[in-house]
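First comes the structure, then the notes that go with it.
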């Protein structure tokens, strides 16, 4: 099966999946063309939370394309929301009653983009009545498009993905991030890092939650956790993991939903030990 074969759920003759793929591909191509050539860098929530005109342009491009096809759908994009966890929660609450909601991170991994580090993606999800039914994560530097539709599996390069087979933490390669919130999320995440590092095969931190989740789905990572993320970081990746046979919860083990900000994703086999290790380190909230 190729990407073009995955036409997905159709409303009014237009396929959700086809539109999402088109948006991700066009935004990704434009982002790649701007690598090393952005004009303005701004700081958002902290010195670690960056935004460029490329982020904003990518979101504008995606929003226009989505709303051209589905003018009555709702749209939640990172760059349309004020910085900080409280503003993110308010923005999500404001669209919580939407029937169809597109949830977009126009560049997940902006710091990497700014530095020319090739680990950033376009993340596009579609939720129906609060449940994610479509997720697309596109890595323009590797031209890898990860896609999942609810109940239909997840694919990369047109091939069905499945999570890895590790069944112990000591054989697991896991990933995390370093949150922009240095007052709350970062110290909590560091507690988890310190506790888990001796218990696992190794830990990676690529700087894109969406791509880490896609790698869990593809079996390249055994698991991923991070404190203080937002719906646009997680929505597409969560469906990729679930449709590849993995498990996504909050750090306390409750099932994933759009309000989750502290996430654990895994192949399922190491999920409980993963949660237990975070709990023992008092790194789960």
Could you check, for the range 175-183, whether at least one of its residues is surrounded by fewer than 20 Cβ atoms within 10 Å (Cβ to Cβ), modelled with pLDDT of 95 or more, out of contact with any helix residue (DSSP H, G or I) (no Cβ under 9 Å at 6 or more places or on another chain) and not assigned by TED's automatic domain parsing to the domain that holds residue 101? no
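Determine, yes or no, whether residue 13 is surrounded by fewer than 15 Cβ atoms within 10 Å (Cβ to Cβ), more than 19 Å from the chain's Cα centre (by Cα) and modelled with pLDDT under 60.
Against the criterion (surrounded by fewer than 15 Cβ atoms within 10 Å (Cβ to Cβ), more than 19 Å from the chain's Cα centre (by Cα) and modelled with pLDDT under 60), residue 13 qualifies.
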In this structure, is residue 113 over 16 Å from residue 237 (Cβ atoms) and over 17 Å from the mean Cα position of the chain (by Cα)? no
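For (1) surrounded by 16 or more Cβ atoms within 10 Å (Cβ to Cβ); (2) more than 23 Å from residue 271 (Cβ to Cβ); (3) in contact (Cβ under 8 Å) with a residue 40 or more places away in the chain, each residue gets a yes or a no:
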| position | (1), (2), (3) |
| --- | --- |
| 134 | yes, yes, yes |
| 158 | no, yes, yes |
| 164 | yes, no, yes |
| 167 | no, no, yes |
| 173 | yes, no, yes |
| 189 | yes, no, yes |
| 207 | yes, yes, yes |
| 211 | yes, no, yes |
What about residue 113, is it at pLDDT below 95, surrounded by 24 or more Cβ atoms within 10 Å (Cβ to Cβ) and touching a strand residue (DSSP E or B) at 6+ places or on another chain (Cβ under 7 Å)? yes
Subset of the range 194-205 (residues that are in contact (Cβ under 8 Å) with a residue 40 or more places away in the chain and either outside any helix (DSSP H, G or I) or buried (at least 19 other Cβ atoms within 10 Å of the Cβ) (or both)): 196
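Does residue 133 satisfy the criteria of being at pLDDT 95 or above, in the same structural domain as residue 255 (by TED's automatic domain parsing) and either under 16 Å from the mean Cα position of the chain (by Cα) or not in a helix (DSSP H, G or I) (or both)?
Spelling it out, it is not the case that residue 133 is at pLDDT 95 or above, in the same structural domain as residue 255 (by TED's automatic domain parsing) and either under 16 Å from the mean Cα position of the chain (by Cα) or not in a helix (DSSP H, G or I) (or both).
The values are calculated or read from the model by the stated rules, or taken from the named source; none is laboratory data. Bear in mind the structure is a predicted one, so any value in this text is a computation, not a measurement. Note: ideal-geometry Cβ built from the backbone for every residue, glycine included; neighbour counts use all protein chains shown.
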